[in-house]
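Here's the structure, in structure tokens; my notes come after.
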Amino acid sequence: MSAAGTAHVRTHTDIDPQVGLRGVEAVLEAAASAPLDVRQVAFPQHGVLINPGTAELLEEALKSGVEAVGGLDPAGIDRDPVRHLDLIFGLAERYGAHLDLHLHDGGSLGGWELELITERTRALGLGGRVTVSHAYALGQLDDAYQDRLIQGFAEAGVAIATAAVYSFPVPPIKKLRAAGVTVACGHDGIRDLWGPYGSGDMLERAMHVAYRSTFRRDEDIELALEAATYGGARALGLESYGLSPGDRADLVVVPCGGAAEAVVVHPARTLVMKDGVVLHN
């Protein structure tokens, strides 16, 4: 990931009573020698309410310094979206953590869950700290419902992340950005048992996002690049990110004629710099 230009990563670490916090410890050990900043999400891959002991482990992970708490299909997996969301939002508020909730539930069910997420984000003042990943329902709802949800995200400060994987629906990136909603993108697994196609190359992932969104014009393709860069930085709450004077000296150089070409071709990186130190060239 570092060789491909990534300087900051949010990774989802499975939290399960059979494993305890050994995954968190393993990621911390690996991250200690990594040339990038690693933030973990304590992620309940096997559910929270249906998997006794998981809620307590999520809290232990946050106490140990994990930066974010996750959630997974409050209706489809845990079958009780109100209790599920109350629990994970309560943890995020109590520990000052970010929240990254993966929502695969589609159609009107997923739309209703997005409403619940927006309501809680607004009520608890967690704007800028809540991300909904996948959000397949957004790509399935009629325009009026979609527009209402998007306006809610913009007002409450809810970010949307997509990996544009397989044939699953991709959120309407142009609409979201036009409304001022933060849009980020990432990999849905990097060469692991969950998803073997992730390479760790965010330019390549931006290409998938643009392709799945049927973007053809340069200015549209550049929205995918923004999701892979500035959008991700906003979702993570990074400071001094970008190319303005005074920003951190994190820099990636590629041989191409423009931003859209960088996405389409995703060429080899000719220079990767982090905090002013050249890591790869």
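The values are calculated or read from the model by the stated rules, or taken from the named source; none is laboratory data. Bear in mind that the values here come from a model prediction, so they are computed numbers and not experimental data. All Cβ positions, even for glycine, are placed from backbone atoms using ideal geometry, and neighbour counts span all protein chains on display. Protein only, heavy atoms only, side chains kept; ligands, DNA and RNA dropped before computing areas. Shrake-Rupley method; radii C 1.70, N 1.55, O 1.52, S 1.80 Å.
Distance from the C-alpha centroid of segment 147-209 to that of segment 1-39: 20 Å, rounded to the whole angstrom. Of the listed residues Y95, Y145, the order by accessible area with a 1.4 Å probe, largest first, is Y95, Y145. Under the convention that each Lys and Arg Cβ holds +1 and each Asp and Glu Cβ holds -1, the size of the dipole of the chain around its Cα centre is about 360 debye. With all protein chains in place and ligands, DNA and RNA left out, the 1.4 Å accessible area ranks H8, H280 as H280, H8, largest first.
Taking label points 7 Å from Cα along the Cα-to-Cβ direction, T214 and H46 give a separation of 4.2 nm.
With the simple spin-label model, which puts each label point 7 Å out from Cα in the Cβ direction, the V265 to Q18 separation comes to 4.8 nm. Amide H contacts under 5 Å for H8: D37, restricted to partners 5 or more places along the chain or on a different chain, H placed in the peptide plane at 1.01 Å from N. Mean projected area of the convex hull spanned by the Cα atoms of the chain, taken over all viewing directions: 14.3 nm². Amide H contacts for G71 (H built 1.01 Å from N in the peptide plane; partners 5 or more residues away or on another chain; cut-off under 5 Å): D100, L101, H102.
When you restrict to C-alpha pairs under 8 Å that are six or more residues apart and normalise by the size of segment 236-281, the relative contact order lands at 32 percent. DSSP beta bridges fully contained in the chain are about 20 percent antiparallel.
Between the amide H of S199 and any residue lying 5 or more places away or on another chain, no distance stays under 5 Å, with hydrogens modeled in the peptide plane. Of W112, W194, the order by accessible heavy-atom surface (1.4 Å probe, DNA, RNA and ligands excluded), from most exposed downward, is W194, W112. Computing FRET efficiency as 1/(1 + (r/R0)^6) for L28 and Q151, where r is the C-beta to C-beta distance and R0 is 30 Å, gives about 0.15.
Shown in residue order for segment 216-227 are the 3J(HN,Hα) couplings computed by the Karplus curve 6.51 cos²θ - 1.76 cosθ + 1.60 at θ = phi - 60°: 10, 7, 3, 5, 6, 4, 5, 5, 5, 5, 4, 4 Hz (x for Gly and Pro). Note on A123 and D275: the model spin-label points, each 7 Å out from Cα along the C-beta direction, lie 4.1 nm apart.
Considering only A55, A235, A184, the mean-square fluctuation computed in a Gaussian network model of the chain, springs between alpha carbons under 10 angstrom, is largest for A55. GNM remark for the chain: springs join alpha carbons under 10 Å apart, and the peak mean-square fluctuation among T270, T11, T229 falls on T270. Rounded to 0.05, the FRET efficiency of the A249 and E204 pair, given R0 = 22 Å and the Cβ-Cβ distance, is 0.35.
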